[in-house]
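Inspection log for the structure reproduced underneath, given as C-alpha coordinates.
The values are calculated or read from the model by the stated rules, or taken from the named source; none is laboratory data. Owing to the predicted nature of the structure, the values given are computational and were not obtained by experimental measurement. Note: ideal-geometry Cβ built from the backbone for every residue, glycine included; neighbour counts use all protein chains shown. Side chains are part of the model used for accessible areas, which takes the heavy atoms of the whole protein and leaves out ligands, DNA and RNA. Shrake-Rupley method; radii C 1.70, N 1.55, O 1.52, S 1.80 Å.
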Amino acid sequence: MLYLDDKDLSPYVDAWDDTIAVIDSAVACLASGDFAQPVKPYLRYRNPKNRIIAMPAFVGGDSNAAGLKWIASFPGNLDRGLPRAHSVLVLNDADTGAPTCIINGALLSVLRTAGVSGYILKKWLARRAGPLRVGVTGFGPIGRHHVRMVSSLLGDRLEEVVVYDLRAPSREEVSACAGGRPARSVGSWQEAYDGADVFMTCTVSSERYIDRAPRPGSLHLNVSLRDYLPVTFPYFQGGIVVDDWDEVARENTDIEAFQKSHGLAREGTIPLAEVARSGLPSSDDRGRSDGVVMFNPMGMAVFDVALGTHFLAHAKAAGFGREL
(Lines give C-alpha, C1' and ligand atoms only; values in the text may rest on other atoms or scores of the structure.)
Protein backbone atom coordinates (compact mmCIF):
# COMPACT_ATOMS: atom_id res chain seq x y z
CA MET A 1 0.00 0.00 0.00
CA LEU A 2 1.30 3.45 -0.92
CA TYR A 3 1.16 6.43 1.44
CA LEU A 4 0.87 9.97 0.03
CA ASP A 5 0.50 13.29 1.81
CA ASP A 6 0.16 16.96 0.93
CA LYS A 7 3.80 17.40 -0.02
CA ASP A 8 3.42 14.59 -2.58
CA LEU A 9 0.41 16.29 -4.15
CA SER A 10 1.73 19.86 -4.01
CA PRO A 11 3.46 19.74 -7.44
CA TYR A 12 0.00 19.22 -8.99
CA VAL A 13 -1.69 22.18 -7.30
CA ASP A 14 -1.99 24.25 -10.47
CA ALA A 15 -2.53 21.41 -12.96
CA TRP A 16 -6.12 22.53 -13.36
CA ASP A 17 -6.70 21.16 -16.85
CA ASP A 18 -5.69 17.67 -15.68
CA THR A 19 -7.70 17.94 -12.47
CA ILE A 20 -10.83 19.09 -14.31
CA ALA A 21 -10.38 16.32 -16.90
CA VAL A 22 -10.52 13.78 -14.05
CA ILE A 23 -13.69 15.42 -12.73
CA ASP A 24 -15.15 15.38 -16.26
CA SER A 25 -14.56 11.61 -16.53
CA ALA A 26 -16.16 11.05 -13.13
CA VAL A 27 -19.21 13.14 -14.09
CA ALA A 28 -19.53 10.92 -17.19
CA CYS A 29 -19.73 7.95 -14.81
CA LEU A 30 -22.54 9.69 -12.95
CA ALA A 31 -24.38 10.17 -16.23
CA SER A 32 -23.93 6.53 -17.26
CA GLY A 33 -24.67 5.10 -13.81
CA ASP A 34 -21.19 3.57 -13.46
CA PHE A 35 -20.80 4.55 -9.82
CA ALA A 36 -22.03 3.81 -6.31
CA GLN A 37 -22.28 6.36 -3.53
CA PRO A 38 -24.40 6.01 -0.39
CA VAL A 39 -25.53 9.12 1.47
CA LYS A 40 -22.72 10.08 3.82
CA PRO A 41 -23.23 10.03 7.60
CA TYR A 42 -22.17 12.91 9.83
CA LEU A 43 -20.58 12.20 13.20
CA ARG A 44 -21.22 14.94 15.74
CA TYR A 45 -20.48 15.06 19.44
CA ARG A 46 -20.27 17.77 22.11
CA ASN A 47 -20.00 20.89 19.91
CA PRO A 48 -22.60 20.58 17.12
CA LYS A 49 -20.61 22.96 14.90
CA ASN A 50 -17.97 20.26 14.51
CA ARG A 51 -18.44 17.24 12.29
CA ILE A 52 -16.55 14.26 10.93
CA ILE A 53 -17.99 12.87 7.70
CA ALA A 54 -17.59 9.41 6.16
CA MET A 55 -17.68 9.53 2.35
CA PRO A 56 -17.59 6.10 0.64
CA ALA A 57 -17.86 5.65 -3.12
CA PHE A 58 -17.07 3.56 -6.17
CA VAL A 59 -16.38 5.20 -9.53
CA GLY A 60 -15.92 3.24 -12.75
CA GLY A 61 -14.58 4.49 -16.06
CA ASP A 62 -10.88 5.31 -16.16
CA SER A 63 -10.67 5.33 -12.36
CA ASN A 64 -12.31 1.96 -11.60
CA ALA A 65 -11.69 2.26 -7.88
CA ALA A 66 -13.49 2.37 -4.57
CA GLY A 67 -12.59 4.31 -1.50
CA LEU A 68 -13.55 6.13 1.66
CA LYS A 69 -12.78 9.70 2.66
CA TRP A 70 -12.92 10.49 6.37
CA ILE A 71 -12.94 14.25 6.75
CA ALA A 72 -13.22 16.38 9.89
CA SER A 73 -14.39 20.00 9.85
CA PHE A 74 -13.84 21.93 13.08
CA PRO A 75 -14.40 25.67 12.37
CA GLY A 76 -13.03 26.69 15.77
CA ASN A 77 -9.62 25.36 14.78
CA LEU A 78 -8.97 28.62 12.92
CA ASP A 79 -8.93 30.51 16.23
CA ARG A 80 -6.40 27.98 17.53
CA GLY A 81 -4.07 28.45 14.60
CA LEU A 82 -4.99 25.01 13.23
CA PRO A 83 -6.47 24.00 9.86
CA ARG A 84 -10.26 23.85 9.82
CA ALA A 85 -10.29 20.52 7.95
CA HIS A 86 -8.36 17.26 8.32
CA SER A 87 -8.83 14.47 5.82
CA VAL A 88 -7.74 10.91 5.03
CA LEU A 89 -8.66 8.99 1.86
CA VAL A 90 -8.31 5.20 1.64
CA LEU A 91 -8.41 3.70 -1.87
CA ASN A 92 -9.35 0.10 -2.62
CA ASP A 93 -8.85 -2.06 -5.70
CA ALA A 94 -12.29 -2.28 -7.32
CA ASP A 95 -11.93 -5.98 -8.19
CA THR A 96 -10.41 -7.39 -4.99
CA GLY A 97 -11.20 -4.78 -2.34
CA ALA A 98 -7.55 -4.72 -1.32
CA PRO A 99 -6.43 -1.30 -0.02
CA THR A 100 -3.99 0.30 -2.45
CA CYS A 101 -3.30 3.77 -1.10
CA ILE A 102 -3.75 6.14 1.82
CA ILE A 103 -3.72 9.88 1.10
CA ASN A 104 -3.39 11.96 4.24
CA GLY A 105 -3.98 15.71 4.25
CA ALA A 106 -6.51 18.33 3.29
CA LEU A 107 -5.00 19.24 -0.08
CA LEU A 108 -6.83 16.49 -1.98
CA SER A 109 -10.18 17.84 -0.75
CA VAL A 110 -9.19 21.40 -1.65
CA LEU A 111 -8.15 20.41 -5.17
CA ARG A 112 -11.27 18.29 -5.65
CA THR A 113 -13.53 21.14 -4.52
CA ALA A 114 -11.88 23.69 -6.80
CA GLY A 115 -11.73 21.14 -9.62
CA VAL A 116 -15.48 20.52 -9.51
CA SER A 117 -16.06 24.28 -9.55
CA GLY A 118 -13.68 24.45 -12.49
CA TYR A 119 -15.72 21.83 -14.35
CA ILE A 120 -18.82 24.01 -14.04
CA LEU A 121 -16.85 27.16 -14.88
CA LYS A 122 -15.54 25.61 -18.11
CA LYS A 123 -19.09 24.64 -19.12
CA TRP A 124 -20.23 28.20 -18.43
CA LEU A 125 -17.29 29.78 -20.25
CA ALA A 126 -18.22 27.91 -23.42
CA ARG A 127 -21.11 30.32 -23.85
CA ARG A 128 -19.53 33.53 -22.55
CA ALA A 129 -17.16 35.89 -24.36
CA GLY A 130 -15.19 38.93 -23.29
CA PRO A 131 -13.52 40.03 -20.06
CA LEU A 132 -14.93 38.79 -16.75
CA ARG A 133 -14.93 40.15 -13.21
CA VAL A 134 -14.63 37.64 -10.36
CA GLY A 135 -15.85 38.16 -6.79
CA VAL A 136 -15.00 35.95 -3.81
CA THR A 137 -16.07 35.83 -0.18
CA GLY A 138 -13.74 33.82 2.03
CA PHE A 139 -9.99 33.57 1.46
CA GLY A 140 -8.98 30.46 3.37
CA PRO A 141 -7.46 27.44 1.59
CA ILE A 142 -10.64 26.81 -0.43
CA GLY A 143 -10.95 30.46 -1.44
CA ARG A 144 -7.29 30.82 -2.34
CA HIS A 145 -7.29 27.74 -4.55
CA HIS A 146 -10.51 28.84 -6.20
CA VAL A 147 -8.81 32.11 -7.10
CA ARG A 148 -5.84 30.16 -8.48
CA MET A 149 -8.17 27.93 -10.49
CA VAL A 150 -10.34 30.70 -11.94
CA SER A 151 -7.29 32.82 -12.77
CA SER A 152 -5.74 29.90 -14.62
CA LEU A 153 -8.87 29.11 -16.61
CA LEU A 154 -9.70 32.72 -17.48
CA GLY A 155 -6.18 33.86 -18.29
CA ASP A 156 -6.21 37.20 -20.08
CA ARG A 157 -10.00 37.30 -19.88
CA LEU A 158 -9.76 37.94 -16.15
CA GLU A 159 -10.52 41.62 -15.72
CA GLU A 160 -10.22 41.68 -11.92
CA VAL A 161 -10.49 39.51 -8.80
CA VAL A 162 -12.21 41.18 -5.83
CA VAL A 163 -11.93 39.36 -2.49
CA TYR A 164 -13.70 39.95 0.80
CA ASP A 165 -12.57 38.13 3.92
CA LEU A 166 -12.98 38.99 7.59
CA ARG A 167 -9.22 38.67 8.01
CA ALA A 168 -8.62 41.36 5.35
CA PRO A 169 -5.90 39.82 3.17
CA SER A 170 -3.50 42.21 1.50
CA ARG A 171 -3.64 43.11 -2.18
CA GLU A 172 -0.32 41.28 -2.55
CA GLU A 173 -1.78 38.03 -1.14
CA VAL A 174 -4.76 38.18 -3.48
CA SER A 175 -2.65 39.14 -6.48
CA ALA A 176 -0.25 36.25 -5.85
CA CYS A 177 -3.12 33.75 -6.01
CA ALA A 178 -4.41 35.49 -9.13
CA GLY A 179 -1.12 34.95 -10.91
CA GLY A 180 -0.27 38.63 -10.84
CA ARG A 181 -3.47 39.65 -12.60
CA PRO A 182 -5.51 42.63 -11.33
CA ALA A 183 -6.79 41.83 -7.84
CA ARG A 184 -7.76 43.61 -4.66
CA SER A 185 -9.13 43.03 -1.17
CA VAL A 186 -12.26 44.96 -0.17
CA GLY A 187 -14.04 45.80 3.07
CA SER A 188 -17.48 44.30 2.40
CA TRP A 189 -19.06 41.35 0.65
CA GLN A 190 -21.23 43.75 -1.33
CA GLU A 191 -18.15 45.18 -3.05
CA ALA A 192 -17.13 41.67 -4.13
CA TYR A 193 -20.66 40.66 -5.13
CA ASP A 194 -21.97 43.65 -7.05
CA GLY A 195 -21.01 43.49 -10.70
CA ALA A 196 -19.35 40.06 -10.47
CA ASP A 197 -19.68 37.86 -13.55
CA VAL A 198 -18.41 34.92 -11.50
CA PHE A 199 -19.07 34.95 -7.75
CA MET A 200 -17.72 32.32 -5.35
CA THR A 201 -18.62 31.73 -1.70
CA CYS A 202 -15.77 30.04 0.20
CA THR A 203 -16.60 30.96 3.79
CA VAL A 204 -17.32 29.17 7.06
CA SER A 205 -20.18 31.55 7.76
CA SER A 206 -22.73 30.36 10.31
CA GLU A 207 -25.31 32.93 9.18
CA ARG A 208 -26.60 33.77 5.72
CA TYR A 209 -26.02 37.32 4.54
CA ILE A 210 -26.41 37.65 0.74
CA ASP A 211 -29.71 39.42 0.16
CA ARG A 212 -29.48 41.13 -3.22
CA ALA A 213 -29.92 40.40 -6.91
CA PRO A 214 -26.99 38.93 -8.84
CA ARG A 215 -25.59 40.41 -12.01
CA PRO A 216 -27.62 39.20 -15.04
CA GLY A 217 -25.95 36.25 -16.73
CA SER A 218 -23.60 35.61 -13.81
CA LEU A 219 -22.32 32.28 -12.49
CA HIS A 220 -22.48 31.64 -8.73
CA LEU A 221 -20.26 28.90 -7.31
CA ASN A 222 -21.91 28.48 -3.91
CA VAL A 223 -19.13 26.37 -2.45
CA SER A 224 -19.76 27.06 1.23
CA LEU A 225 -23.52 26.53 0.81
CA ARG A 226 -24.70 28.71 3.71
CA ASP A 227 -24.38 32.27 2.45
CA TYR A 228 -27.55 33.14 0.47
CA LEU A 229 -30.69 34.27 2.27
CA PRO A 230 -34.00 32.71 1.10
CA VAL A 231 -35.08 36.07 -0.32
CA THR A 232 -32.61 35.49 -3.18
CA PHE A 233 -34.33 32.31 -4.40
CA PRO A 234 -36.39 33.99 -7.18
CA TYR A 235 -33.18 35.31 -8.75
CA PHE A 236 -31.80 31.78 -9.16
CA GLN A 237 -34.96 29.75 -9.72
CA GLY A 238 -34.61 27.58 -12.81
CA GLY A 239 -30.83 27.88 -12.87
CA ILE A 240 -29.96 25.94 -9.71
CA VAL A 241 -27.43 23.14 -10.31
CA VAL A 242 -26.63 20.59 -7.58
CA ASP A 243 -24.12 17.77 -7.39
CA ASP A 244 -26.48 15.45 -5.47
CA TRP A 245 -29.96 16.47 -4.31
CA ASP A 246 -30.12 13.91 -1.48
CA GLU A 247 -26.88 15.26 -0.05
CA VAL A 248 -27.34 18.98 -0.56
CA ALA A 249 -30.97 19.33 0.58
CA ARG A 250 -30.00 18.89 4.25
CA GLU A 251 -27.58 20.11 6.93
CA ASN A 252 -28.92 23.67 6.87
CA THR A 253 -27.68 24.42 3.36
CA ASP A 254 -29.07 27.22 1.22
CA ILE A 255 -30.80 24.53 -0.85
CA GLU A 256 -32.58 23.22 2.24
CA ALA A 257 -33.52 26.80 3.13
CA PHE A 258 -34.91 27.33 -0.39
CA GLN A 259 -36.85 24.08 0.00
CA LYS A 260 -38.42 25.20 3.28
CA SER A 261 -39.09 28.79 2.27
CA HIS A 262 -40.09 28.42 -1.40
CA GLY A 263 -40.86 24.73 -1.89
CA LEU A 264 -37.79 23.98 -4.02
CA ALA A 265 -37.90 20.30 -5.00
CA ARG A 266 -35.52 17.90 -6.72
CA GLU A 267 -37.35 18.53 -10.00
CA GLY A 268 -36.52 22.23 -9.74
CA THR A 269 -32.76 21.62 -9.83
CA ILE A 270 -30.32 20.37 -12.45
CA PRO A 271 -28.01 17.50 -11.36
CA LEU A 272 -24.44 17.19 -12.59
CA ALA A 273 -25.36 14.12 -14.63
CA GLU A 274 -27.78 16.30 -16.61
CA VAL A 275 -25.09 18.94 -17.08
CA ALA A 276 -22.90 16.21 -18.62
CA ARG A 277 -25.66 15.29 -21.05
CA SER A 278 -27.14 18.69 -21.92
CA GLY A 279 -24.86 21.41 -20.55
CA LEU A 280 -25.85 24.23 -18.24
CA PRO A 281 -29.37 25.70 -18.44
CA SER A 282 -29.78 28.59 -20.83
CA SER A 283 -32.07 31.58 -20.48
CA ASP A 284 -34.31 30.09 -23.17
CA ASP A 285 -34.70 26.85 -21.18
CA ARG A 286 -35.74 28.86 -18.15
CA GLY A 287 -38.05 31.27 -19.92
CA ARG A 288 -36.08 34.14 -18.37
CA SER A 289 -33.65 36.66 -19.77
CA ASP A 290 -31.05 36.96 -17.01
CA GLY A 291 -29.42 33.55 -17.48
CA VAL A 292 -28.08 33.30 -13.92
CA VAL A 293 -26.63 29.91 -12.87
CA MET A 294 -26.04 28.86 -9.26
CA PHE A 295 -23.98 25.73 -8.53
CA ASN A 296 -24.38 24.11 -5.10
CA PRO A 297 -21.86 21.30 -4.43
CA MET A 298 -22.24 19.36 -1.18
CA GLY A 299 -19.21 17.28 -2.15
CA MET A 300 -19.29 13.87 -3.81
CA ALA A 301 -16.93 11.08 -2.79
CA VAL A 302 -16.75 9.83 -6.39
CA PHE A 303 -14.63 12.88 -7.17
CA ASP A 304 -12.27 12.26 -4.25
CA VAL A 305 -11.83 8.63 -5.30
CA ALA A 306 -11.29 9.58 -8.94
CA LEU A 307 -8.76 12.30 -8.13
CA GLY A 308 -7.00 10.14 -5.54
CA THR A 309 -6.68 7.36 -8.12
CA HIS A 310 -5.25 9.89 -10.56
CA PHE A 311 -2.57 10.92 -8.06
CA LEU A 312 -1.85 7.29 -7.21
CA ALA A 313 -1.13 6.60 -10.89
CA HIS A 314 1.25 9.58 -10.99
CA ALA A 315 2.99 8.35 -7.84
CA LYS A 316 3.53 4.88 -9.29
CA ALA A 317 4.81 6.26 -12.58
CA ALA A 318 7.14 8.83 -11.01
CA GLY A 319 8.20 6.73 -8.03
CA PHE A 320 7.17 9.01 -5.20
CA GLY A 321 5.25 8.22 -2.01
CA ARG A 322 6.04 5.77 0.75
CA GLU A 323 5.33 2.05 0.70
CA LEU A 324 3.63 0.79 3.86
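The overall shape of the chain is rounded: from the C-alpha gyration tensor, with semi-axes ordered a ≥ b ≥ c, the ratio a/c is less than 1.5.
Can you tell me how segment 22-128 classifies by the Cα gyration tensor, rounded, prolate or oblate, using a/c under 1.5 as the rounded cut?
Values: a/c = 2.10, a/b = 1.28, b/c = 1.64.
Here segment 22-128 falls in the oblate category.
For residue 261 and residue 43, the difference between the fully extended length at 0.36 nm per residue and the C-alpha to C-alpha distance is 75.8 nm. I need the shape label for segment 1-57. Rule: rounded when a/c is under 1.5, else prolate if a/b > b/c, else oblate, with a, b, c from the alpha carbon gyration tensor. Because a/c hits 1.5 or more and a/b fails to exceed b/c, segment 1-57 counts as oblate.
Could you size up the charge dipole of the chain around its Cα centre, putting +1 on the beta carbon of Lys and Arg and -1 on that of Asp and Glu, and report it in debye to the nearest 20? The partial results should precede the final answer.
Working: 34 positive and 38 negative charges, 137 e Å.
Roughly 660 debye for the chain.
Remark on residue 100: its backbone amide H falls under 5 Å from those of 91, 92, 93, a criterion applied only to residues 5 or more positions apart or on other chains, H modelled at 1.01 Å from N.
Taking the centroid of alpha carbons for each part, segment 87-105 and segment 22-55 are 15 Å apart.
If R0 equals 22 Å, the separation of the Cβ atoms of residue 252 and residue 167 corresponds to a calculated FRET efficiency of about 0.40.
Estimate the FRET efficiency between residue 31 and residue 104 by the formula 1/(1 + (r/R0)^6), using the beta-carbon distance for r and 30 Å for R0, to the nearest 0.05. Efficiency at R0 = 30 Å is approximately 0.45.
With every protein chain kept in the model, how would you rank 314, 145, 220 by accessible area, 1.4 Å probe, largest at the top? Write out the running numbers ahead of the final one.
Details: 314 60, 145 30, 220 5 Å².
Output order, biggest surface exposure first: 314, 145, 220.
Between amide H atoms placed 1.01 Å from N, distances below 5 Å from residue 244 occur with 298, all of them 5 or more places distant or on a separate chain.
Build a GNM of the chain with springs between Cα atoms under 10 Å apart, and of 156, 244, 17 the one that fluctuates most is 156.
Determine the percent antiparallel among the DSSP beta bridges restricted to the chain, to the nearest 5. Walk me through the intermediate numbers first.
Numbers: 29 of 60 bridges.
Roughly 50 percent of the DSSP beta bridges within the chain come out antiparallel.
Applied to segment 148-164, the Karplus parametrisation 6.51 cos²θ - 1.76 cosθ + 1.60 on θ = phi - 60° returns per-residue 3J(HN,Hα) values of 4, 5, 5, 5, 5, 6, 7, x, 5, 6, 6, 6, 5, 10, 10, 10, 10 Hz, with x for Gly and Pro. Rg of the Cα atoms in segment 161-320, relative to 2.2 N^0.38 Å, amounts to 1.16.
In order along segment 51-57, the Karplus-derived 3J(HN,Hα) couplings, from 6.51 cos²θ - 1.76 cosθ + 1.60 at θ = phi - 60°, round to 7, 10, 10, 9, 10, x, 6 Hz, and Gly and Pro are given as x.
Would you work out the relative contact order for segment 229-324, in percent, from Cα pairs under 8 angstrom that are 6 or more residues apart?
On the way: 86 pairs, mean separation 34.3, N = 96.
Averaging sequence separation for qualifying contacts and normalising by length gives 36 percent for segment 229-324.
Heavy-atom accessible area with a 1.4 Å probe sorts 270, 240, largest first, into 270, 240. Taking all protein chains together and a 1.4 Å probe, the residues 209, 119 rank 209, 119 from largest to smallest accessible area.
Using 0.36 nm per residue, how much length does the chain from residue 7 to residue 21 gain when fully extended, once their Cα-Cα distance is taken away?
Numbers: separation 14, 0.36 × 14 = 5.04 nm, distance 2.21 nm.
Residue separation times 0.36 nm, minus the Cα-Cα distance, leaves 2.8 nm.
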